[in-house]
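What follows is one structure encoded as structure tokens, with my remarks underneath.
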Amino acid sequence: MAVKTEPTGERQRNVEEDLTELSSLLPVTLHDLKSSVPAPMPMREAMEGSGLGKRHAGALLAIAAAEPIGVSELAKRLGLLLSSTSTIVGELSRAGLVERAEDEHDRRRTIVRVHEDHRDAMEGWMELALAPIRNTLERLGPPARAHFMEGWRILGEEAAAHETDAEVCEP
């Protein structure tokens, strides 16, 4: 579903107006980004044959974007507990989609990468999945792109701080 945007007028909008618009844009945009490009057929077959779902696809994309990556770093990127991430990585490994290896420099650390058999398909999938984001960044001039990125970093910080505050408030 495409989101309609209105050009900004001369009147400066207040924070509440922007918040209202952003709260309607975010869910639709994130949904569209997640569901716009299905996994390539061989990967989809491997995932479905192993009973893997959408959470595995997100982890697989994150691994491909940063490989090789440690399981702890992957957990941080996904916003999941280390135990949950280890389970997902194990399931992806059993499906033959990723390879796990011991870090040569720190034997306690597990390194994950996309399995060689799926690397080309994964690179193509990544290119398609990231195209809307790449196109957005390319359409923005350098100053607007810098502000856009700064806004996302601040949003990430605020979301992380809010999560920590919410954990403190739980009984």
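The requirement of being open to solvent by 70 Å² or more (accessible area, probe 1.4 Å), within 19 Å of the chain's Cα centre (by Cα) and at pLDDT below 90 is satisfied by L30.
With respect to E116, is the statement that it is open to solvent by 70 Å² or more (accessible area, probe 1.4 Å) and either closer than 20 Å to L74 by Cβ or at pLDDT 95 or above (or both) true?
In short, yes.
Among the criteria (1) open to solvent by 60 Å² or more (accessible area, probe 1.4 Å); (2) farther than 25 Å from S35 by Cβ; (3) modelled with pLDDT of 90 or more, the one R107 does not fulfil is (3). You will find that of E123, E138, E167, the residue that is at pLDDT below 90, open to solvent by 70 Å² or more (accessible area, probe 1.4 Å) and within 25 Å of S36 (Cβ to Cβ) is E123 and no other. Here L78, L128 are screened, and the one residue that is touching a residue at least 60 places away in the same chain (Cβ under 8 Å) and either loosely packed, with under 15 Cβ neighbours inside 10 Å or not polar (S, T, N, Q) (or both) is L128. Assess whether L80 counts as being on the phi < 0 side of the Ramachandran plot, modelled with pLDDT of 90 or more and not in a helix (DSSP H, G or I). So L80 fits the description; yes. Do we find a residue being out of contact with any Cys (no Cβ under 7 Å at 6 or more places or on another chain), assigned to a loop (DSSP other than H, G, I, E, B) and more than 12 Å from H56 (Cβ to Cβ) anywhere in segment 85-96? Yes, there is a match, as at least one residue in segment 85-96 is out of contact with any Cys (no Cβ under 7 Å at 6 or more places or on another chain), assigned to a loop (DSSP other than H, G, I, E, B) and more than 12 Å from H56 (Cβ to Cβ). Of the residues G58, G96, G70, the single one that is surrounded by 12 or more Cβ atoms within 10 Å (Cβ to Cβ), of a type in the set (G, A, S), farther than 26 Å from D32 by Cα and under 20 Å from the mean Cα position of the chain (by Cα) is G70. Looking at P68, P40, just one residue is farther than 22 Å from A159 by Cβ and either touching a strand residue (DSSP E or B) at 6+ places or on another chain (Cβ under 7 Å) or of a type in the set (V, I, T) (or both), and that residue is P68.
The values are calculated or read from the model by the stated rules, or taken from the named source; none is laboratory data. A quick note: this is a predicted structure, and the numbers were derived from the prediction, not measured. Note: ideal-geometry Cβ built from the backbone for every residue, glycine included; neighbour counts use all protein chains shown. Keep in mind that these areas ignore ligands, DNA and RNA; they rest on the heavy atoms of the full protein, side chains included. Shrake-Rupley method; radii C 1.70, N 1.55, O 1.52, S 1.80 Å.
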